[in-house]
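Reviewing the structure listed below.
The values are calculated or read from the model by the stated rules, or taken from the named source; none is laboratory data. What you are looking at is a predicted structure, and each value in this text was computed from that prediction instead of being measured. Cβ placement follows ideal geometry from the backbone for every residue including glycine, while neighbour counts extend to all protein chains displayed.
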Amino acid sequence: MINPLLLKKQLQEFLIEDIGTGDLSASLFDDDAITSAIISAKEKGVFAGQQVLPMIYELIDPTIETKVLVKDGSHIEQGTILAEIKGKPSGILSGERVLLNMIQRLSGIATITAHAVSLASNRARICDTRKTTPGLRMLEKYAVRCGGGFNHRFGLYDTVMLKENHLAGFPSIIEAVQTVREKFGHTVKVEVETETEKQVLQAVDAGADIIMFDNCTPFEIQQRLKHVPPAIITEASGGITLESIDEYSRTGVQYLSLGFLTHSYNAVDISLNMEGAIKHDHSRNLY
């Protein structure tokens, strides 16, 4: 879910960064001027940003009317009108860049996620990683969900993930997992990153909740899955590309976590165009 309080705070910061002490170009318009604009897609993709779009204009000028015409997760084509806006041109233009920056990027993440999901063909679930843009994790992970994907942990606080560098501090995986169980309550899940068959066997014996096959080939995953009981969730990560998703999804692993969903996507080309007539008071001396 998107936390509306956090979203509002973040969007305020983004607008302050861009507008600063005032939008010089937008100040050319009369205070009583009214116009309309449309936001449209210039290429096909999957839309994300249904909550972002109206909140930006609520922050800039509550009198601006925003009507979002498509829902998050909708497949859009070139020319699809995403939203209609009516209000003061100064406010509409002041929010234009931040608005487009956000929905273009979020839609890009949703689009590549939807493509990955289609390649997995329901054989495995597609999920993200923590390889997100600092400060934008909530929104980027939301965009993954808009594309039909699932979220991995949101941060270091909601799941214990024992990676190579963590395991280096213990004699074995079994002792590492035991330490976690002793330190935390029953609601904290434990995921163990494995690279060898021996590590998989240890993770099973330790009673890990999730076992990750890290940087393993599809053949290696198939062989190691034989040792994992159904009660343990399985995940593959590392080196998986769009071209290899199909092969990995056929191994029987339950989740494929893909860092490129949030760090190597292409933003969807989206534009804002004024449509209505603008009233001006040319008698005012701007100088």
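For region 166-205, give me the residue count where each residue is assigned to a helix (DSSP H, G or I) and among the charged types (D, E, K, R).
7
When you look at Ile39, is it under 25 Å from the mean Cα position of the chain (by Cα), surrounded by 19 or more Cβ atoms within 10 Å (Cβ to Cβ) and in a helix (DSSP H, G or I), yes or no?
no
Looking at the structure I just gave you, is Gly149 farther than 15 Å from Leu11 by Cβ and not β-branched (Val, Ile, Thr)?
Yes; evaluated as a whole, the condition is true for this residue.
For region 206-218, check the following and say yes or no: at least one residue is farther than 13 Å from Glu164 by Cα, among the charged types (D, E, K, R), modelled with pLDDT of 95 or more and not in a loop (DSSP other than H, G, I, E, B).
So far as region 206-218 goes, no, none of its residues is farther than 13 Å from Glu164 by Cα, among the charged types (D, E, K, R), modelled with pLDDT of 95 or more and not in a loop (DSSP other than H, G, I, E, B).
State all residues of region 230-282 that are at pLDDT below 95, closer than 30 Å to Arg97 by Cα and in a loop (DSSP other than H, G, I, E, B); if no residue qualifies, say none.
Glu275, Gly276, Ala277, Ile278, Lys279, His280, Asp281, His282
Looking at (1) surrounded by fewer than 20 Cβ atoms within 10 Å (Cβ to Cβ); (2) closer than 22 Å to Ile270 by Cα; (3) in contact (Cβ under 8 Å) with a residue 60 or more places away in the chain, which is the only condition Pro54 fails?
Result: Pro54 fails condition (3) only.
Looking at region 57-87, which of the residues that are touching a Lys or Arg at 6+ places or on another chain (Cβ under 8 Å) and of a type in the set (A, V, I, L, M) is surrounded by the most Cβ atoms within 10 Å (Cβ to Cβ)?
Filtering first and then ranking leaves Ile85.
Among the listed residues Lys71, Lys86, Lys44, identify the single one that is among the basic types (Lys, Arg) and over 23 Å from the mean Cα position of the chain (by Cα).
Lys86
Among all residue pairs at least 6 apart or on different chains, which show Cβ distances below 7 Å where the first residue, located in region 162-189, is over 10 Å from Ala206 (Cβ atoms) and not assigned by TED's automatic domain parsing to the domain that holds Val204 and the second is of a type in the set (Asp, Glu) and in a helix (DSSP H, G or I)?
Listed by first residue and then by second, the contacts come to nothing, as the list is empty.
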